[in-house]
Amino acid sequence: MISWQAYLTNFILRIMKPKLAKKEGDKLVGFLRKQMAMTGDKTSKDAVVEKISMGGVECEWVSVGSVPANKALVYFHGGAYVSGSPVSHRDYAAAMSTALGIKLLMVDYRLAPEYPFPAPIEDALAVYKALVDAGYDASDLFVGGDSAGGNLTLSLLQKIRNLGLAMPKAACLFSPWLDLTHSGDSMASNADVDPMLPVIMLKRCADIYAAGADKNDPLISPTFADMIGFPSMIIHVGSTEILLDDAKTITALCEQAGVEVELNIWEKAPHAFPILIKFLPEARAAIELSLIHI
């Protein structure tokens, strides 16, 4: 059953949705960046935040309380590849650290249009290699992200596999944006009921990120990749999201490849709802389910 908090969140998001549909180009990018920046740094005083460069990429370590020194969740923020930062997700990272009992490395990967595909993937790979070179065992590393960050997670796993590097232990995806051709049925069937994301906005952001590259490229749209050799995975998505079929498709691909995968579909939960872990009961429940993979 959907919580009253989710009802309220969806109501507020529906007010914003028409604005997202109307903007394009630089105005869309500017608007998204402004909205993401408004979340700001609301991190609790208990959180420890340490800025660090990993493989030449700016990152932030975020932890709360006593956490293992040798384990880490490498996290990629959402924002349609054009917005977001570790700061926009810092409060969420602290709450995740508390819930999972692990430190998070929030990656400040480059954004389009200034740095389109494949720049974010290059950054993600550089960070992962740097962690392993710093002495982290791949079996003690976890990767994950929300929305575009979920896409980046699976693109990174493809690069790790193709280069013959050691895989992280597990991956967690929250409302992942995985098919930038937007061919899934839910793009049409959930277009009106998704409280947050207009299809046209995602298409515009996909064009900005791909910058002329083929959106069928598995590194751009992981729904066209094979999952052979991937680590275990847990996926969370809302039942009314236009990205519902992205999650379903990647789950089926994992099953076909023999990858352990768990898909959780949350009734009417908004896009990337785990970010609201301090407000939504569904978010807290989703994170608790993810704990068994960590």
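When the charge dipole of the chain is built from unit charges on Cβ atoms (+1 for Lys and Arg, -1 for Asp and Glu) and taken about the Cα centre, the candidate among 177, 87, 263 whose Cα reaches farthest toward its positive end is 87.
Entry note, the chain: relative contact order of 20 percent, from Cα contacts under 8 Å with a spacing of 6+ residues.
Remark: C-alpha extents of the chain on the principal axes read 48, 42, 36 Å, sorted largest to smallest.
Other residues whose C-beta falls under 14 angstrom from the C-beta of residue 200 contribute a net charge of +3, scoring Lys and Arg +1 and Asp and Glu -1. Put one equal scatterer on each alpha carbon of region 59-158, apply the Debye formula with no solvent term, and list log10 I(q)/I(0) at q = 0.13, 0.19, 0.24 1/Å to two decimals. One equal scatterer on each Cα of region 59-158 leads to -0.41, -0.87, -1.32. A protection proxy built from the mean count of other Cβ atoms within 10 Å ranks the segments 92-101, 260-269, 140-149, most packed first, as 140-149, 92-101, 260-269. About the centre of its Cα atoms, region 36-100 shows a dipole size close to 80 debye [charges on the beta carbon of Lys, Arg (+1) and Asp, Glu (-1) only; nearest 20 debye].
Greater than 26 Å separation of Cα atoms is the criterion. Which listed pairs, 23/215; 169/268; 45/103; 27/51, meet it? Where the Cα-Cα span goes over 26 Å, the pairs concerned are 169/268; 27/51.
For the chain, a crude dipole built from +1 on the beta carbon of Lys and Arg and -1 on the beta carbon of Asp and Glu, taken about the Cα centre, is about 820 debye to the nearest 20. Accessible area per residue was computed with a 1.4 Å probe on protein heavy atoms; residue 224 scores about 90 Å². For region 24-163, averaging the sequence separation of C-alpha pairs within contact (under 8 Å, six or more residues apart) and dividing by the residue count gives a relative contact order of 29 percent.
Ranked from largest to smallest solvent-accessible area, with a 1.4 Å probe on the protein heavy atoms, 53, 66, 175 come out as 66, 53, 175. Considering only the other residues whose Cβ falls under 14 Å of the Cβ of residue 53, what net charge follows from Lys and Arg at +1 and Asp and Glu at -1? Cβ neighbours under 14 Å give a net charge of -3. Heavy-atom accessible area for residue 160, with the other protein chains in place and a 1.4 Å probe, reaches approximately 0 Å². Dividing the helix sum by the residues of the chain, where each DSSP H run of 4 or more adds -39500 (n - 2.57), gives a mean residue ellipticity at 222 nm of -12000 deg cm²/dmol.
The values are calculated or read from the model by the stated rules, or taken from the named source; none is laboratory data. A quick note: this is a predicted structure, and the numbers were derived from the prediction, not measured. FYI the Cβ positions are ideal-geometry reconstructions off the backbone, even for glycines, and counts take in every protein chain you see. What goes into the accessible areas is simple: the full protein's heavy atoms, side chains included, and nothing from ligands, DNA or RNA. Shrake-Rupley method; radii C 1.70, N 1.55, O 1.52, S 1.80 Å.
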